[in-house]
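Take a look at the structure set out below.
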Amino acid sequence: MLLHLSTWPEVENYLQQSQGIIFPIGSTEQHGPTGLIGTDAICAEAISRGVGEATQAMVAPTINIGMALHHTGFPGTISLRPSILIQVVRDYITCLAKAGFTKFYFINGHGGNIATLKAAFSETYAHLEDLQIANSQKVQCQIANWFMCGSVYKLAKELYGDQEGSHATPSEVAVTQYVYPEAIKKAYLSPEVASGHRIYGAADFRERYPDGRMGSNPALATPEHGKQFYDLAVEELSKGYLEFVNQG
């Protein structure tokens, strides 16, 4: 079930059977010369919908804007500050907790969101307790990073080795190619690609990673690879979601 394509009575009926909901969250940021700016959100949304279908879970609207301040030196990147993203996540959860949801499973497509999401969960727990919302003590949140699934990581290493890199990776580009084959991009990619630098501000990032890639070769991506990554992530995260909603 997709929340935005449901009616309020349908949501009310769903809550009689389950109090779990999946939240896709990604980012709108540069992904090198050939990667789509929406890559992180596209991957999270597609995989979340697959998990929702496999588990009969409700899937919330995708949070397309994440914490990507270090990418704002590239045109097209949109970012929220960590403090604002924390408030957004807190308010999303609060609204749904009031309705009766208690299990919030965030399928994440952007590594830069992880620290902020963990902080948001801590703030949300305290906020719900302060509001004395019914069942607030039952609210639990979990992050599931699709790109860190064991099966996904193993396949990426088998297919790409060290050329997987850590940003604008062939694995994530492959998933977007599978989801949007009409939007596959081609461009020159220098064989020399920067890697291994620490991440600071946007200007420093642009200087150290001039084309936006971090040790990756997205030219290796194919839609067929993307289907493989999608299937593996959906299978692994479906198991993770069911374990999460069924635990105490």
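Here are the numbers:
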item: Stokes-Einstein translational diffusion, region 3-149 - Kirkwood Rh over all Cα pairs, 0.890 mPa s, 25 °C, in µm²/s; result: 156 µm²/s
item: Surrounding net charge for residue 238, when Lys and Arg each add one and Asp and Glu each subtract one, Cβ distance under 14 Å; result: -3
item: Net charge contributed by nearby residues that have their C-beta within less than 15 Å of residue 76 (K/R +1, D/E -1); result: -1
item: Check: region 112-248 dipole with +1 on Lys, Arg Cβ and -1 on Asp, Glu Cβ, in debye; result: 120 debye
item: Simple Cβ-charge dipole of region 1-91, Lys/Arg +1 and Asp/Glu -1, about Cα centre, in debye nearest 20; result: 220 debye
item: List 96, 242, 5, 128, ordered by accessible area with a 1.4 Å probe, largest first; result: 5, 242, 96, 128
item: Among 22, 44, 68 - extreme Cα towards positive end, dipole of region 1-120, charges at beta-carbon; result: 68
item: Accessible area per residue, Å², the chain with all protein chains present, probe 1.4 Å; result: 48 Å²
item: The chain: calculated mean residue ellipticity at 222 nm from DSSP helix runs of at least 4, using -39500 (n - 2.57); result: -15000 deg cm²/dmol
item: Dipole magnitude of the chain, debye to nearest 20 (Cβ charges: Lys/Arg +1, Asp/Glu -1, about Cα centre); result: 260 debye
item: Sparse-neighbourhood loop sites, trypsin sites (Lys or Arg not before Pro) in region 126-207 - DSSP loop, at most 14 other Cβ within 10 angstrom; result: 185, 186, 198
item: Over region 157-222 - Rg/Rh using Cα atoms and the Kirkwood inverse-distance radius; result: 0.99
item: Taking the chain and dividing mean pair separation by its residue count, relative contact order in percent (alpha carbons under 8 Å, at least six apart); result: 24 percent
item: Estimated FRET transfer efficiency when R0 is 51 angstrom, pair residue 247-residue 224 (beta carbons, to 0.05); result: 0.90
item: Kyte-Doolittle mean at least 0.0, axial Cα span of 20 Å or more - DSSP H helices of the chain; result: 39-55, 82-99, 114-131
item: Sites residue 183 and residue 134, calculated FRET efficiency, Cβ-Cβ separation with R0 41 Å, nearest 0.05; result: 0.35
item: Fraction of accessible area attributable to carbon and sulfur, region 1-154 (%, probe 1.4 Å); result: 54 percent
item: Across 154/239; 103/138; 157/227; 118/138; 103/239, pairs whose alpha-carbon gap is larger than 20 Å; result: none
item: Ranked order, 146, 8 - accessible area, probe 1.4 Å, largest first; result: 8, 146
item: Percent RCO, i.e. relative contact order, over region 7-60, from Cα pairs under 8 Å lying at least 6 residues apart; result: 38 percent
item: For region 1-140, share of DSSP beta bridges that run antiparallel, in % to the nearest 5; result: 15 percent
item: Value of relative contact order over region 60-163, rounded to a whole percent, pairs C-alpha under 8 Å and six or more apart; result: 27 percent
item: For q = 0.09, 0.11, 0.13 Å⁻¹, Debye-computed log10 I/I(0) when each Cα of the chain counts as one equal scatterer; result: -0.39, -0.58, -0.80
item: Per-pair calculated FRET efficiency, R0 = 45 Å: residue 198 and residue 54 via Cβ, rounded to 0.05; result: 0.75
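The values are calculated or read from the model by the stated rules, or taken from the named source; none is laboratory data. Worth saying up front: this structure is predicted, and the values here are computed from it rather than measured. Every residue, glycine as well, gets a Cβ built from its backbone with ideal geometry; the counts of neighbours run over all protein chains shown. In case anyone asks, the SASA skips ligands and DNA or RNA and just uses the protein heavy atoms, side chains included. Shrake-Rupley method; radii C 1.70, N 1.55, O 1.52, S 1.80 Å.
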